[in-house]
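To keep things clear, I will list the structure first and then write my remarks on it.
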Amino acid sequence: RLCGPPPGPACTRCGAPWRGAVAGQGCGRCRRFGRPFAFERAVGYWEYGEAVRRLVHQLKFSGRRDLAAPLGRRMALDPRIQSCRALGSAAVVVPLPARRAAVKRRGFDQARLLGAALARSLALPMDSAALRRRRHGARAQAGSSLAARRSQVRAVFKARPWRVDQRPVILLDDVISTGASADAAARALRLAGAQTVWVVALAT
């Protein structure tokens, strides 16, 4: 059985369940990251438990692209994600692009499929060309240390200013773990002129 959203309060900045928090210092993930994230807030629909891990692996590694649309629609029903509507009609959903090798191997980009369903449900546009990867050879991050992840993604993403300038961006990712990829993508979007960046993920 799938677990629900992170129990109890969650960090409004990175979306992590509010465990390991220190008064006045924020949540554990924010403290471990070592500097403020480039995005303003993040929401994970599910906590990344064992059942969710299996579901994500089915989507990403077992070719279950049929899961993406219903999952995207289900995410859009969450009140925390519904709050993205407050960004206004100028907001745009931008999926965090997968590595080219991964897309070639799977035959699809899971964030793009999730983002399309989420955007339709929120009645917002999606722009899958607003953000791209500059280094397609960057290694997969699973199992890497936080320092290694930050180093690997530092200059990976580049955003197209004419697509995001002065617009609020909803950055869609599948899983927020350390926050390094979402931070690097949000930094690129902000450098391209994005007004603000909120992150929405299937799990955290």
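The condition (being under 22 Å from V93 (Cα atoms) and either modelled with pLDDT under 90 or of a type in the set (A, V, I, L, M, F, W, C) (or both)) is satisfied by just one residue among A16, A10, A51, A23: A16. Of the residues making up the range 91-118, those that are over 16 Å from the mean Cα position of the chain (by Cα) and not in a loop (DSSP other than H, G, I, E, B) are R100, A101, A102, V103, K104, R105, R106. If the condition is being surrounded by fewer than 17 Cβ atoms within 10 Å (Cβ to Cβ), over 20 Å from T12 (Cβ atoms) and touching a residue at least 40 places away in the same chain (Cβ under 8 Å), then the range 86-101 contributes only A90. Looking only at residues of the range 162-177 that are farther than 14 Å from A201 by Cα and open to solvent by less than 60 Å² (accessible area, probe 1.4 Å), we find that the one that is farthest from the chain's Cα centre (by Cα) is V164. Checking each residue in the range 66-90 for being touching a strand residue (DSSP E or B) at 6+ places or on another chain (Cβ under 9 Å), assigned to a helix (DSSP H, G or I) and not small (G, A, S) picks out L71, R74, M75, R80, I81, C84, L87.
Taking the criterion of being of a type in the set (A, V, I, L, M, F, W, C) and touching a residue at least 60 places away in the same chain (Cβ under 8 Å), the residues of the range 61-85 that qualify are L71, M75, I81, C84.
Among the residues of the range 119-159, just one is in a loop (DSSP other than H, G, I, E, B), surrounded by fewer than 16 Cβ atoms within 10 Å (Cβ to Cβ), charged (D, E, K, R) and at pLDDT 65 or above, namely R134.
Scanning the range 161-200 for residues that are modelled with pLDDT of 95 or more, on the phi > 0 side of the Ramachandran plot and touching a strand residue (DSSP E or B) at 6+ places or on another chain (Cβ under 9 Å) turns up just one, G193.
Is one or more of the residues making up the range 32-47 in a helix (DSSP H, G or I), open to solvent by 40 Å² or more (accessible area, probe 1.4 Å) and modelled with pLDDT under 90? Within the range 32-47, one or more residues are in a helix (DSSP H, G or I), open to solvent by 40 Å² or more (accessible area, probe 1.4 Å) and modelled with pLDDT under 90.
The values are calculated or read from the model by the stated rules, or taken from the named source; none is laboratory data. These figures come from a predicted structure and were not determined experimentally. Don't worry about glycine lacking a Cβ; one is built from the backbone with ideal geometry, like all the others, and counts go over all protein chains shown. The accessibility values were calculated without ligands, DNA or RNA, using every heavy atom of the protein model including side chains. Shrake-Rupley method; radii C 1.70, N 1.55, O 1.52, S 1.80 Å.
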